[in-house]
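Notes to accompany the following structure.
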Amino acid sequence: MGRDRTPHVGIYGVTNAGKSSLLNRLTGQQAAIVSPLAGTTADPVRRTFEIAGYGPVVFIDTAGIDDEAGELGRQRVRKTRQTLTEVDLAVVLLRESEPSVMERRWIETVRANDIPTLILPNRAELLSSDEILKRIRENIPELSQKVPPFFGERPIAAGDTILFVCPIDGAAPAGRLILPQVQALRAALDLGAIAVAVQPGQLAAALPVHKPRLIVTDSQAFREVTAVARELCPATEVTSFSVLLAEQKGDAEVYAEGLRAVDTLKPGDRILIVENCSHQITCEDIGRTKIPQWLREYTGTEDLRFTFVSGRDPFPAELGSPGGYFALAVQCGGCVSTRRQIQARIHACRKNGVPITNYGMLIRKLRVGRSIHR
Ligand SMILES: Nc1nc2c(ncn2[C@@H]2O[C@H](COP(=O)(O)OP(=O)(O)O)[C@@H](O)[C@H]2O)c(=O)[nH]1
Ligand SMILES: [Mg+2]
């Protein structure tokens, strides 16, 4: 999904409003094709651009909101709408100086999604790029720029040790760590903490030597890591990469509430698994194989039906079915996503009455039990 802490800015308007020209002008690049032909921009065009004195943003140039040229036009509009789940700010470029009925309707849609808008009148040619960039940075919400601390409120000081448990199994990518592990290591180093990484097999040897303040494991090893830690350092918190991400980008309270739905699952229930990346081997294995298997073991029923959403794909239309089509949604940590992107997923589930929880929190419940995670 891209750029976990870079604010995303969507550029919207009717066809030929000058959206692609604006993107090119702001970035000083020929990023998007400009032409008077309606439908020139089809798939959203994403460009990262560093605003001086501010930092990077991802601009998303989109197809016209009024593009109704048959099935293709409708698909282009659908793609444009989908970007509302990932943007932190919507720049709406008007054709005239006042919004038309259609533009006004679009602005309402944007606002209904809790997205702030920056409205620029007709082609914005009278405004300099610097002025527009200044307005953009002023209108990006502060929360989009600041990601909450990786380890939350935990009192970790310089010199404390954090022990990371990173299983290197068949599902691990060759020659590297996965992104949540990299992010956690970096966050530990930023705090001046001592970061120690082991595989599950070395945990028992490492604990007495390193006496960590916090243990962070890959969720799939929650059970064995908790068992060893309870024996050797019962006072030390064991958490997981995915749980930390859930606290940081998701909503731990909503997820905890969603977790309760696990105990009421019954045969025939449908479960939505949401992974925000499209091809991270380890997460795929957890989401597609392990979580379904552990849920079936926990509930004692084989008849649970799983639907998977990955990357930027939209939720299935059934999400909005009356009576709650899905009994539960399980969101991945979202290491590649911005906070806003995860919040949009949570928002959609809540709006449709679907309980939502997180990979790590669910695995902790299924594998360790509810009460003994601290
Ligand atoms: N006069 C004028 N023409 C513009 C401006 N921006 C774009 N255009 C022209 O309007 C047409 C559509 O521009 P484009 O950026 O592709 O619009 P989009 O469909 O909103 O992406 C092109 O022929 C551009 O050259 C502008 O600020 N002033
Ligand atoms: Mg265009």
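The values are calculated or read from the model by the stated rules, or taken from the named source; none is laboratory data. Keep in mind that this is a model prediction, so the values were computed, not measured. Methodologically, a virtual Cβ is constructed for each residue, glycine included, from the backbone with ideal geometry; neighbour enumeration extends over all protein chains shown. Surface accessibility is based on the protein's heavy atoms, side chains included, excluding ligands, DNA and RNA. Shrake-Rupley method; radii C 1.70, N 1.55, O 1.52, S 1.80 Å.
Not counting ligands, DNA or RNA, and with a 1.4 Å probe, what is Met102's accessible surface area in Å² rounded to the nearest 10?
Counting only protein heavy atoms, the figure is 60 Å².
Restricting the calculation to Cα positions, tell me the Rg (one decimal) and the Dmax (whole number) of the chain in Å.
22.7, 70
Return a whole-number percent for the relative contact order of the chain, with Cα pairs under 8 Å and 6 or more residues apart as the contact set. Walk me through the numbers before you get to the answer.
Values: 702 pairs, mean separation 62.2, N = 374.
Relative contact order, the chain: 17 percent.
Counting helices only, and only those DSSP H runs with n ≥ 4, report the 222 nm mean residue ellipticity of the chain as the sum of -39,500 (n - 2.57) divided by its residues, in deg cm²/dmol to the nearest 500.
Numbers: 14 runs with 133 residues, N = 374.
Mean residue ellipticity at 222 nm (helix-derived): -10000 deg cm²/dmol.
Can you pull out the trypsin sites (Lys or Arg not before Pro) in segment 121-198 whose DSSP state is coil and whose Cβ has at most 10 other Cβ atoms within 10 Å?
Working: sites: Arg123, Lys134, Arg135, Arg137, Lys146, Arg176, Arg186; in loops: Lys146, Arg176.
Taking segment 121-198 and a limit of 10 other Cβ atoms within 10 Å, the loop trypsin sites (Lys or Arg not before Pro) found are Lys146, Arg176.
Projected onto the charge dipole of segment 1-160 (+1 at Lys/Arg Cβ, -1 at Asp/Glu Cβ, origin at the Cα centre), which of Ile115, Leu133, Thr15 gives the Cα projection farthest towards the positive end?
Thr15
If you put +1 on each Lys and Arg Cβ and -1 on each Asp and Glu Cβ, how big is the dipole of the chain around its Cα centre, in Debye rounded to 20? Don't jump to the answer; show the numbers that get you there.
Values: 46 positive and 42 negative charges, 58 e Å.
Roughly 280 debye for the chain.
Probe 1.4 Å, all protein chains in place: accessible area of Cys166 in Å², nearest 10?
Only protein atoms counted, so the area is about 10 Å².
Do any GluC sites (Glu not before Pro) in segment 40-94 lie in a loop, going by DSSP, with at most 15 other beta-carbon atoms within 10 Å of their beta carbon, and if so which? Walk me through the numbers before you get to the answer.
Working: sites: Glu50, Glu68, Glu71, Glu86; in loops: Glu68, Glu86.
For GluC sites (Glu not before Pro) across segment 40-94 that sit outside H, G, I, E and B with at most 15 neighbouring Cβ atoms in 10 Å, the list reads Glu68.
Probe radius 1.4 Å, ligands and nucleic acids ignored: give me the carbon and sulfur share of the accessible area of segment 123-271 as a rounded percent.
Working: 3900 of 7380 Å².
Carbon and sulfur: 53 percent of the exposed surface of segment 123-271.
Positive end of the charge dipole of segment 8-145 (Lys, Arg +1 and Asp, Glu -1 on Cβ, about the Cα centre): tell me which of Met102, Thr62, Ser144 has its Cα farthest that way.
The listed residue farthest towards the positive side: Thr62.
Picking from Val209, Pro173, Val238, whose Cα lies most toward the positive end of the charge dipole for segment 161-245 (charges on Cβ: Lys, Arg +1; Asp, Glu -1)?
Towards the positive end, the residue furthest out is Val209.
Given the alpha-carbon gyration tensor of segment 263-374, what are the semi-axes of its equivalent ellipsoid in whole angstrom, ordered largest first, with each equal to the square root of 5 times an eigenvalue? Show your work: numbers first, answer last.
Numbers: eigenvalues 81, 65, 38 Å².
Semi-axes, largest first: 20, 18, 14 Å.
Anyone know which of Ser129, Ser240, Ser337 comes out most mobile in the 10 Å Cα GNM of the chain?
Fluctuation is largest for Ser129.
Considering only protein heavy atoms, with the full assembly of protein chains and a 1.4 angstrom probe, order Ile194, Ile136 by accessible area, largest first.
Details: Ile194 85, Ile136 0 Å².
Accessible-area ranking of Ile194, Ile136, largest first: Ile194, Ile136.
Cα atoms only, segment 62-220: Rg and Dmax in Å?
Taking only Cα atoms of segment 62-220, I get Rg and Dmax of 24.0, 70 Å.
Out of every Cα pair in segment 158-282, what percent are spaced more than 19 Å from each other?
Working: 4259 of 7750 pairs.
The share of Cα pairs beyond 19 Å in segment 158-282 comes to 55 percent.
How large is ³J(HN,Hα), in whole Hz, for each residue of segment 342-353 in order, when computed from phi with the Karplus curve 6.51 cos²θ - 1.76 cosθ + 1.60 and θ = phi - 60°, using x for Gly and Pro?
Ordered by residue, 3J(HN,Hα) equals 5, 4, 5, 5, 5, 4, 5, 5, 5, 4, 9, x Hz.
Which of Leu177, Leu22, Leu244 moves the most in a Gaussian network model of the chain with Cα springs under 10 Å?
Leu177
Leaving out ligands and nucleic acids, note down the accessible area per residue over the chain with a 1.4 angstrom probe, in whole Å².
Values: 17140 Å² over 374 residues.
Counting only protein heavy atoms, the per-residue value for the chain is 46 Å².
Pick from Leu26, Leu319, Leu37: which residue has the top mean-square fluctuation in a GNM of the chain where Cα pairs under 10 Å get a spring?
Largest GNM mean-square fluctuation: Leu37.
Which residues' amide hydrogens lie under 5 Å from the amide hydrogen of Tyr12, considering only partners 5 or more residues apart or on another chain, with H built in the peptide plane?
Val91, Val92, Leu93
Could you give the size of the charge dipole of segment 56-195 about its Cα centre, using +1 on the Cβ of each K and R and -1 on the Cβ of each D and E, expressed in debye and rounded to the nearest 20?
Details: 17 positive and 21 negative charges, 48 e Å.
My answer is approximately 240 debye.
Of His210, His8, which has the most accessible area with a 1.4 Å probe, and how do the rest follow in descending order? Don't jump to the answer; show the numbers that get you there.
Values: His210 70, His8 5 Å².
Per-residue accessible area, sorted high to low, gives His210, His8.
What base-10 log of the normalised intensity I(q)/I(0) is obtained for segment 8-145 from the Debye formula, alpha carbons as equal point scatterers, at q = 0.10 Å⁻¹?
Each listed q maps to, in turn, -0.28.
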